[in-house]
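First the structure, in the form of structure tokens, and then the observations on it.
The values are calculated or read from the model by the stated rules, or taken from the named source; none is laboratory data. Just so we're clear, the structure is a prediction, and the values are computed from it rather than from any experiment. Neighbour counts run over all protein chains shown; Cβ positions are idealised from the backbone, glycine included. Keep in mind that these areas ignore ligands, DNA and RNA; they rest on the heavy atoms of the full protein, side chains included. Shrake-Rupley method; radii C 1.70, N 1.55, O 1.52, S 1.80 Å.
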Amino acid sequence: MHDAIGKLKLGLYRQPKYILDADISKCFDSISHESILNKLDSSPHILKRQVKAWLKAGIMQTRDEPETMSRDKGTPQGGVISPLLANIAIDGLEEAVSECLIQKRDIRKTRKNKGELTYVRYADDFIVAHKDLEVIQKVERRVEEYLGTLGLELSKAKTKIVHSLDSHKSYPPGTKFLGFWVRHVPSGKHNSARVRGNVQDWKLLITPDREKVLAHLKVIRGVLKSAKTISQRDLIKILAPKVVGWCNYYCHVQSKKTFSYCDFRMWQMLQR
């Protein structure tokens with residue numbers, strides 16, 4: 001997950017870009033079994049019969065519960081093997097996106113465009129960024145075609161095209177990805193950087209998503225409400241893993257202000 005954020009940072013730190021913030025509609029429920037099994041033929045290290053058994057296996061439920069998953073497509077979301085099956089199914093999407101940049105007459109331009117294209121995927125979440133809006137629109141159409149061969153489709157309600165620095169079609173700058181908020185912000189003339197002789201009056205900012213911050217504080221508030229009579233030692237044992245784990249996840253980005261805010265809010269809760 002941190003590798004995905006690091007790759008996104010490398011792709012955006014030089015210049016602002018248009019971003020295809022894509023969301024696959026019901027990815028785990030609609031994955032085509034045949035598309036997964038066909039891709040396994042190229043890998044002799046994976047037992048095709050075993051993966052087929054995983055795909056056909058159902059989920060445990062009581063007699064009163066209705067059948068919630070088809071045996072012909074999809075895989076249980078949250079299952080141990082589900083991320084692996086999703087990676088196998090969507091593997092090849094990067095090559096399909098790169099096809100949108102091929103220029104047969106100008107090889108130099110093709111290589112430059114491929115370098116400017118940023119593609120980051122983690123399981124079924126992925127982002128495509130490029131400085132040209134027409135390229136991003138072309139990529140969106142190509143992604144829809146590729147996902148159609150897998151029995152998947154993009155969610156029209158959640159899929160959108162945004163810009164990392166400016167507003168685009170009433171969407172605010174930046175996008176959310178894996179619990180982070182990624183965007184460019186104006187830096188002012190005194191904090192401008194110079195890259196390859198060009199002055200950049202903006203900077204890349206990656207911070208924890210506001211919704212994730214509020215959810216973290218809600219968890220702490222719930223622990224404190226249910227632990228009013230326990231000792232201080234026991235309370236520390238409960239809170240420490242939650243705070244340390246959450247901070248370790250976000251400590252590799254610009255989180256100083258967020259950590260200070262969470263520290264102040266938790267101090268207020270403890271004092272109360």
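Quick notes
- Each Lys and Arg adds +1 at its Cβ and each Asp and Glu adds -1 at its Cβ; summed about the Cα centre, region 217-272 shows a dipole of about 180 debye.
- Links that overshoot a 22 Å alpha carbon limit, given the list LYS131/LYS176; LYS138/LYS212; LYS131/LYS203; LYS212/LYS256; LYS169/LYS212; LYS237/LYS257: LYS138/LYS212; LYS169/LYS212; LYS237/LYS257
- With 31 Å as the limit on Cα-Cα distance, the pairs of LYS156/LYS225; LYS9/LYS228; LYS160/LYS218; LYS17/LYS218; LYS156/LYS242; LYS7/LYS158 that go past it are LYS156/LYS225; LYS9/LYS228; LYS17/LYS218; LYS156/LYS242.
- Note on region 198-272: with neighbouring protein chains present and a 1.4 Å probe, carbon and sulfur make up 55 percent of its accessible heavy-atom surface.
- The Stokes-Einstein estimate for region 194-272, based on a Kirkwood radius over Cα pairs and taken at 20 °C with 1.002 mPa s viscosity, is a diffusion coefficient of 147 µm²/s.
- Linear extension gain, LEU217 paired with ARG141, 0.36 nm per residue minus alpha-carbon span: 23.4 nm
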